[in-house]
Amino acid sequence: MKSKELSRRDFLRLLGIGGGAAVLSACAPKLLAETAFPPTAIPATSVPSVPNTASGEVDVEIALKAIEGEAQILPGKATRVWRYQGEVMSGPADALQIVPNSYLGPIFNVKKGQKIRVHFTNELRESSIVHWHGLHVPVEADGHPRLAIDPGETYIYDFTVMDRAGTYWYHPHPHGRTGPQAYAGLAGLFLISDDEEKSLGLPSGDYDLPIVIQDRLFDSDNQLVYGGNGMMDQMMGFLGDRILVNGQADFSLPVATRPYRLRLHNGSNSRIYKLGWDDGTPFNIIATDGGLLEKPLDRQYITLAPAQRMEIWVDFSEKAVGSETKLINFPSEAPDGGGKFTIMNVKVERSESVSAPLPAALSTITWHNESDAVNRHSPREFELAMGRGMGWTLNGRTFEMTSVAQDEIVKLGDLEVWQFTNQAGGRGMMGGGMGLPHPMHVHGLQYQIIERSGGEQYTSLHEGFVDEGWHDTVLVMPGEHVKVLLKFEDFTGLYLYHCHNLEHEDMGMMRNYRVDA
């Protein structure tokens, strides 16, 4: 993997302040190994009270805790982590599935239409809250930072699973601390099934596997280090030098000679991956953030930005027992993306004869029609840029806990076009050459990506984009304009849109939008 030192030089070159390395170095905090992830005081904010009571019958009831613990990640001393711990209180026993030998939270296994109740208890040393990433839920269940609870408190989520079958996930969302809390280990998958998906006969059980990819940095005592590069980590986003898959280092996946369904998820804070097989085999892509595609797509590479998910169908039937292949990150124009390195090794360990062909059709989808958008001729514009004081901004604004601007208010039932424009320069004192990618996430819904323009210099990443299907996160490269089509249905209230580079989010590149009746 490309070295951290090279990343720092590239970063300074982008800023146009080559001689400033000493300044950035002086700003860098010491290693955080002793206290792992010390809490940062967050000023109290007056927010309206939100109902936090449970009532009515539910299909699945779960107790979920955020706790501090340890995990055996590297040989030798265990690593201090923060993690989610869950227990099924009522409902099917398989509603939660533990990821073996991992700090990752339990996998939720639920069905579309089920009523879910989650009792979230915060046993950390600082405030936290859980966001159900990609799910269409009421505002009280979305995990807005204004709902963060203090240590020892419990928050109760009540919602009905309304989304299509697919791979979703959950993670913390306190303002200013999402990056370090997620980096410490707080994340888990949320899998939804439905009748349409089950009718396809896709690989299931032991042949339907999560592949959560994260990068981490360890000190000589096997403890996680976060923020060691100071301002560079804040501005670029944190980049580790060790790849973990499902919370394990040097991950090797044992497989049989048969088809598999692999659910790829970029769980890194900011790293963008360009994924491919080392033997040149193309990917058969069957699903994106918001579930199954209409039909499988072929790609030689996949570009996976932070928070994005991609499901692939891969057949090892023609591989010889004992053979190996590797999932590789290939060089790209992404920050620190110049090196080639292994994500995981796949080893064919046994022979199985299974006839399970890839379906030619996957899902019947009712798409939004752009011609029905209320603002199709004049999209709602969002400018992504560096602001004064080195912060990242959305339309020149940074996050305010409960405030919403007039141009961030939408109407329930409306279909709109939003355009994200990534300004390659910036407003701030370093302006000039600064340009970084921004994976833009909108809470509470899934949207269609309908147009890209600009950013042609990022050819390597563009060839791995999968803009088909439903999405909740889209990567916008410097100089690029991306239009998405989204509809505000069922729920009113205050939701978020933000960059899912978690360091950018924590620095304020996040805003509220409000759905009014």
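The values are calculated or read from the model by the stated rules, or taken from the named source; none is laboratory data. Because the structure is predicted, anything quoted here is derived from the model rather than measured. Note that we place each Cβ from the backbone using ideal geometry, even for glycine, and neighbour counts take in every protein chain shown.
Worth a mention:
- Elements of the type strands (runs of 3 or more DSSP E) sitting completely within the stretch 209-270 and holding at least 3 residues that are crowded, with 20+ Cβ neighbours inside 10 Å: these cover 242-245, 259-266.
- Filtering LYS295, LYS274 for residues that are surrounded by fewer than 21 Cβ atoms within 10 Å (Cβ to Cβ) and modelled with pLDDT of 95 or more leaves a single hit, LYS295.
- Cβ pairs under 8 Å, 6+ apart, first in the stretch 485-507 and not assigned by TED's automatic domain parsing to the domain that holds THR402, second modelled with pLDDT under 95: none
- Considering residues of the stretch 318-330 that are in a loop (DSSP other than H, G, I, E, B) and at pLDDT 95 or above only, the residue nearest to ASP215 (Cα to Cα): PHE330
- Scanning the stretch 298-317 for residues that are part of a loop (DSSP other than H, G, I, E, B) and either hydroxyl-bearing (Ser, Thr, Tyr) or buried (at least 22 other Cβ atoms within 10 Å of the Cβ) (or both) returns TYR301, ALA305, PRO306, ALA307, GLN308, SER317.
- Residues in the stretch 179-219 that are without any contact (Cβ under 8 Å) to a residue 40 or more places away in the chain and hydroxyl-bearing (Ser, Thr, Tyr): SER199 only.
- Lone unmet requirement of (1) surrounded by fewer than 22 Cβ atoms within 10 Å (Cβ to Cβ); (2) out of contact with any Phe, Trp or Tyr (no Cβ under 9 Å at 6 or more places or on another chain) for ASN422: (1)
- Within the stretch 478-517, the set of residues being β-branched (Val, Ile, Thr) and assigned to a strand (DSSP E or B) comprises VAL482, VAL484, VAL515.
- Check on ALA287, modelled with pLDDT under 95 and either within 22 Å of TYR447 (Cβ to Cβ) or assigned to a loop (DSSP other than H, G, I, E, B) (or both): no
- Test set (1) within 26 Å of GLY291 (Cα to Cα); (2) in a loop (DSSP other than H, G, I, E, B); (3) among the hydrophobic types (A, V, I, L, M, F, W, C) - LEU124 fails condition number: (1)
Residue by residue, here is whether (1) in contact (Cβ under 8 Å) with a residue 24 or more places away in the chain; (2) of a type outside the set (Ser, Thr, Tyr); (3) out of contact with any Lys or Arg (no Cβ under 7 Å at 6 or more places or on another chain); (4) not assigned by TED's automatic domain parsing to the domain that holds TYR226 holds:
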site	(1), (2), (3), (4)
SER90	yes, no, yes, yes
ALA93	no, yes, yes, yes
VAL118	yes, yes, yes, yes
ASN122	yes, yes, yes, yes
HIS133	yes, yes, yes, yes
HIS144	yes, yes, yes, yes
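- The sole residue among GLY152, GLY185 that is under 22 Å from VAL81 (Cα atoms), surrounded by fewer than 16 Cβ atoms within 10 Å (Cβ to Cβ) and outside the structural domain of ARG263 (by TED's automatic domain parsing) is GLY152.
- In the set ASP289, ASP336, only one residue is in contact with a His (Cβ under 9 Å, 6 or more places away or on another chain), surrounded by 22 or more Cβ atoms within 10 Å (Cβ to Cβ) and in contact (Cβ under 8 Å) with a residue 24 or more places away in the chain; that residue is ASP289.
- Set side by side, the residues GLY76, GLY69 differ, and just one is within 21 Å of GLN223 (Cα to Cα), among the small types (Gly, Ala, Ser) and in a strand (DSSP E or B), which is GLY69.
- Residue check for SER403: on the phi < 0 side of the Ramachandran plot and free of Cβ contacts under 8 Å to residues at least 60 places away in the same chain: no
- Options GLU451, GLU463, GLU456; residue that is farther than 21 Å from VAL515 by Cα, modelled with pLDDT under 95, in contact with a strand residue (DSSP E or B) (Cβ under 9 Å, 6 or more places away or on another chain) and not small (Gly, Ala, Ser): GLU463
Quick grid of which residues meet (1) crowded, with 22+ Cβ neighbours inside 10 Å; (2) over 22 Å from the mean Cα position of the chain (by Cα):
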| residue | (1), (2) |
| --- | --- |
| LYS77 | no, yes |
| MET89 | no, yes |
| ALA93 | no, yes |
| VAL99 | no, no |
| TYR103 | yes, no |
| VAL110 | yes, no |
| VAL118 | yes, no |
| GLU123 | no, yes |
| LEU135 | yes, no |
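- Failed criterion for GLY431 (all others in (1) modelled with pLDDT of 95 or more; (2) over 30 Å from GLY280 (Cβ atoms); (3) not acidic (Asp, Glu) hold): (1)
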